[in-house]
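**Q** What follows is a single structure, and I will ask about it in a moment.
The values are calculated or read from the model by the stated rules, or taken from the named source; none is laboratory data. Note that this is a predicted model, so its numbers are computed, not measured. Cβ placement follows ideal geometry from the backbone for every residue including glycine, while neighbour counts extend to all protein chains displayed. When the accessible area is computed, the model is the full protein with side chains, heavy atoms only, and any ligands, DNA or RNA have been set aside. Shrake-Rupley method; radii C 1.70, N 1.55, O 1.52, S 1.80 Å.
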Amino acid sequence: MTLLTRRGLIGSLGAGAGGLLLSGCDRIVAAPSVKHVVGIGETLTMRAQRLLTNRSALAREFPASDMSPVFRTNGNTMPQSEAYQAHVVHRFADWRLLIDGLVRRPQSLSLAQIRAMPTRTQITRHDCVEGWSAIGKWTGVPLKLLIDAAGALPAARYVVFHCADDFDGDPYYESIDLIDAHHPQTILAWGMNDQLLSVGHGAPLRLRVERQLGYKQAKYVMRVELADSLDNIGSGKGGYWEDSADYQWYAGI
Ligand SMILES: Nc1nc2c(c(=O)[nH]1)N[C@H]1C(S)=C(S)[C@@H](COP(=O)(O)O)O[C@H]1N2
Ligand SMILES: [Mo]
């Protein structure tokens with residue numbers, strides 16, 4: 001298990017370790033079949049997962065000795081915008097994370113402010129639908145603390161992550177619901193493997209939502225928007241790959 005640095009997080013860790021049916025360590029070996037299974041139908045899959053697994057159960061965490069010697073990068077590895085590239089040059093000193101949408105107190109936070117917040121570190125396995133996995137150590141702020149700082153309005157249902165990169169002009173974005181947003185292992189990570197997050201892996205801040213597949217782990221997060229619906233964001237399916245390649249919105253593992 002992992003370091004829990006704040007008592008507030010411990011309360012949500014049920015003793016039940018849930019997920020016995022689906023949480024074998026070998027279940028992801030044939031990652032392509034995961035996509036197939038997930039593809040049966042999103043509604044069915046999500047309902048089935050809710051029945052079979054406890055969504056507050058923790059993803060497996062690993063000892064440091066299991067960390068992958070090489071953790072490859074995937075997707076975009078350097079956002080093309082001039083604004084982002086200027087941030088790289090200035091080491092993100094002027095960068096700000098915006099938290100807005102259905103919140104009482106919109107936030108604009110520097111990286112220093114985010115790094116001064118309580119941290120959680122976890123060693124987990126990243127599973128990409130393209131058929132590779134890697135175990136890495138992630139350090140960041142629990143998303144719940146950022147949401148609480150902004151104060152979610154009662155109508156908020158989803159958390160949308162707007163990223164600095166795009167594919168042919170279509171911005172990368174992702175979204176999760178508030179259940180996953182409040183999960184104790186859901187963090188916005190600024191550190192990886194005891195280093196500051198590299199540009200290739202999503203500097204300065206990327207999502208880790210450990211109970212879901214790789215494409216949900218949004219890199220280059222610039223803005224966190226709370227929303228009551230995903231309909232008017234992107235093409236309305238809740239993420240870049242969901243919009244453009246019919247990937248499932250709920251990519252539970
Ligand atoms: N902003 C952004 N986030 C992204 C992607 C991307 O292209 N852009 N690719 C996704 C995919 S498919 C995977 S598997 C992981 C890869 O993360 P890594 O580069 O740290 O290995 O990031 C995910 N998040
Ligand atoms: Mo991926």
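**Q** List the aspartates and glutamates whose Cα lies under 15 Å from the Cα of K237, skipping any in the same chain that are fewer than 8 positions away.
**A** K237 reaches E42, D170, E174, D177, D228, D246.
**Q** Given points 7 Å out from each Cα along the Cα-Cβ axis, report the R91 to R47 separation in nanometres with one decimal.
**A** About 5.3 nm, to one decimal.
**Q** Okay, moving on. In nm, what is the difference between 0.36 nm times the number of residues separating S108 and I179 and their Cα-Cα distance? Spell out each step's value before the answer.
**A** Values: separation 71, 0.36 × 71 = 25.56 nm, distance 2.37 nm.
23.2 nm is the gain from fully extending S108 to I179.
**Q** Solvent-accessible area of R96, probe 1.4 Å, all protein chains present, reported in Å² to the nearest ten, please.
**A** Surface open to solvent at R96 totals about 110 Å².
**Q** Considering only the other residues whose Cβ falls under 14 Å of the Cβ of S198, what net charge follows from Lys and Arg at +1 and Asp and Glu at -1? Mind dumping the intermediate values first?
**A** Values: positive: R72, R91, K137, R206, K219; negative: D194.
Computed value for this residue: +4.
**Q** If I take R0 = 41 Å and measure r between the Cβ atoms of N232 and V70 in this structure, what FRET efficiency does the formula 1/(1 + (r/R0)^6) give, to the nearest 0.05?
**A** Details: r = 40 Å, r/R0 = 0.97.
Between N232 and V70 the formula returns 0.55.
**Q** Across the stretch 237-253, in residue order, what do the Karplus-derived ³J(HN,Hα) couplings come to in whole Hz, using 6.51 cos²θ - 1.76 cosθ + 1.60 with θ = phi - 60° and x for Gly and Pro?
**A** So the J values, rounded to whole Hz, are 9, x, x, 4, 6, 5, 5, 9, 9, 6, 4, 6, 5, 9, 9, x, 9.
**Q** Let me ask you something else. Can you sort W241, W132, W138 by solvent-accessible area, 1.4 Å probe, largest first?
**A** Values: W241 70, W132 35, W138 0 Å².
Per-residue accessible area, sorted high to low, gives W241, W132, W138.
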